[in-house]
Amino acid sequence: MTGYRSLFRTPEFTPLFLGTAAQTAAQTVGGLALATLVYRATGSPLLSAVSMFGPSLAQVLGATFLLSGADRLPPRTALSAIALAFAAGTAVQALPGLPVGAVFAVVLLLGLVASLGGGVRWGLLNEILTRHGSAKDGYLPGRSLFNMMSGLMQIAGFATGGALLAALSPRVCLLLSAALYLTAALVLRLGLTARPPRTAGRPSASATWRTNALLWSSRSRRLTFLGLWLPNGLVVGCESLYVSYAPHAAGTLFACGALGMFAGDVTVGRLLSPALRRRTATPLLLLLATPYVLFAAHPPLPVAMVCVTVSSAGFGASLVQQERLMELTPDELAGQALGLHSAGMLTMQGVSAALAGAVAQFTSPAAGMTVMAAGSVLVTLALATAGRRSPAPSPEPEPEPEPEPEPEPEPEPGPRPGLAEAAGTAEAR
């Protein structure tokens, strides 16, 4: 497996890594500040949860209409523009006297913009690491390192954000977040090279639908997507209630979660052998959810911190599932596949945050956490059962129709026939 140190010798890996780190820090500080601002203004666990995870709700629109841009837009331009849009939107949210309704309008607009981000970023990472041996082999350590960075930035961001909120107003913290987004835009613009899009053609809703249908046509990919979206999305619903569960220690709980996620990513990305790693997805997803069931007993803050830290190690399951998704997906569709994973996961996180907030509104934050955790356990067990009943996975529906191009090679060049014919067999299914 590719080592972490050698990744930084790969051209463009370092600026992509640093730009993403700045965006993660901005999102962490800004999200906590916005959730605190809304909770202080409304006293509502539901609105507080949705303000922090609300951008995720718009991801479903992006996945439906915009996702083809993940492979059809120049990566440097797209990533820089997304960071600039977030800088502007976060600065608008900091305006004094901005009505709560306007805050949520900006939140949803930013979510729509962000729907392209995951596909462009992870598709570019996959492309960059193609030169590092096999892209399929290089993607896992690369993504593992990004996840570890995300965990560290969240630990630092939530700890710093909590300290800043104790000393400054949420609006000042939002302005600091906007400055971090600007920094990310500069790093990405100046550090990345001007690469052409991975796929020819204009981004369009019809192209998005066609490729999504092709990706969804494989049962193995469907189960992988659902495993990436549902169990951890429901657990993020638990996380969305930290502000209302412990208003003065929410930053501490988020930092504990980031620490656990970091530990899980290190374990899965570097310490487990490939053979063992493939068997850990279901156990890790169960680990992710079960500690939150203890919140039914309203544990004190020290116990809650331990539960959150242990639980978040289970987010390492995502690395196993993404490696599986890349094994099942042709390289020319990698950007949209990773974008669909990212958009679906974030959408589910937003839906779960809203659902958890609604349960907490009528019961209590602890009850909301318990309900979402129980749902995650049930979904994980159902998907594991469905996976055992599936036929042996085979990533080769694409090559099957190859007998036809061989006698008559003229109509279609190169890798295109495989995709076109794969789409045909997918529709037949």
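At a probe radius of 1.4 angstrom, the accessible area of the range 94-244 per residue rounds to 38 square angstrom.
All other residues whose Cβ lies under 13 angstrom from that of LEU34 are scored, Lys and Arg at +1 and Asp and Glu at -1, for a net of +2.
For the range 280-330, the per residue solvent-accessible surface stands at 34 Å², with DNA, RNA and ligands left out and a 1.4 Å probe. Between LEU168, LEU124, LEU226, the GNM of the chain built on Cα springs shorter than 10 angstrom shows LEU168 fluctuating the most.
So for the range 102-256, averaging the separation of alpha carbon pairs under 8 Å that are six or more residues apart and normalising by length, what relative contact order in percent results?
Working: 45 pairs, mean separation 45.6, N = 155.
Relative contact order here is 29 percent.
Packing around the peptides 299-306, 170-177, taken as the average count of other Cβ atoms within 10 Å per residue, puts them in this order, highest first: 170-177, 299-306.
Equivalent ellipsoid of the chain: semi-axes from √(5λ) of the C-alpha gyration tensor, largest first, are 35, 25, 20 Å. Each residue of the range 341-356 was assigned a 3J(HN,Hα) from its phi angle through the Karplus curve 6.51 cos²θ - 1.76 cosθ + 1.60 (θ = phi - 60°); the sequence is 4, 5, 5, x, 5, 5, 4, 5, 5, x, 4, 5, 4, 5, 5, 4 Hz, with glycine and proline shown as x. Farthest towards the positive end of the charge dipole of the range 207-336, among the residues CYS256, PHE225, MET305, is the Cα of PHE225, using unit charges on the Cβ of Lys, Arg, Asp and Glu. Summing +1 for each Lys or Arg and -1 for each Asp or Glu among the other residues whose beta-carbon sits under 14 angstrom from that of ALA184 gives +3. The phi torsions of the range 202-213, fed into the Karplus equation with coefficients 6.51, -1.76 and 1.60 and a -60° offset, translate into couplings of 7, x, 7, 5, 5, 5, 4, 5, 4, 5, 4, 5 Hz, rounded to whole numbers, with Gly and Pro shown as x. Would you mind checking which residues have amide H under 5 Å from GLU12's amide H? H placed 1.01 Å from N; only 5 or more apart, or other chain. Hits under the 5 Å cutoff: none. Comparing TRP216, TRP122, TRP229 in a Gaussian network model of the chain (Cα springs below 10 Å), the most mobile by mean-square fluctuation is TRP216.
For the range 170-320, the equivalent ellipsoid derived from the Cα gyration tensor has semi-axes of 32, 25, 17 Å, listed largest first. Taking amide H positions as modeled 1.01 Å from N, with prolines and chain starts lacking one, the residues under 5 Å from ARG195 and 5 or more places away or on another chain are ARG76.
The residue list VAL172, ALA353, GLN27 was ranked by how far each Cα lies along the charge dipole of the chain toward its positive end, using unit charges on Cβ atoms, and VAL172 comes out on top. Roll a 1.4 angstrom probe over the protein heavy atoms and tell me the percent of accessible area of the range 253-329 that is carbon or sulfur. Solvent-exposed carbon and sulfur of the range 253-329 make up 75 percent of the total. Rounded to the nearest 20 debye, the dipole magnitude of the chain is 1080 debye, with +1 charges on Lys and Arg beta carbons, -1 on Asp and Glu beta carbons, and the Cα centre as origin. Estimated purely from DSSP H runs of n ≥ 4, each contributing -39500 (n - 2.57), the mean residue ellipticity at 222 nm for the chain is -24000 deg cm²/dmol once divided by its residues.
The values are calculated or read from the model by the stated rules, or taken from the named source; none is laboratory data. No experiment lies behind these values; they were computed from the predicted model shown. Cβ: placed from backbone, ideal geometry, glycine included. Neighbour counts: every protein chain shown. In case anyone asks, the SASA skips ligands and DNA or RNA and just uses the protein heavy atoms, side chains included. Shrake-Rupley method; radii C 1.70, N 1.55, O 1.52, S 1.80 Å.
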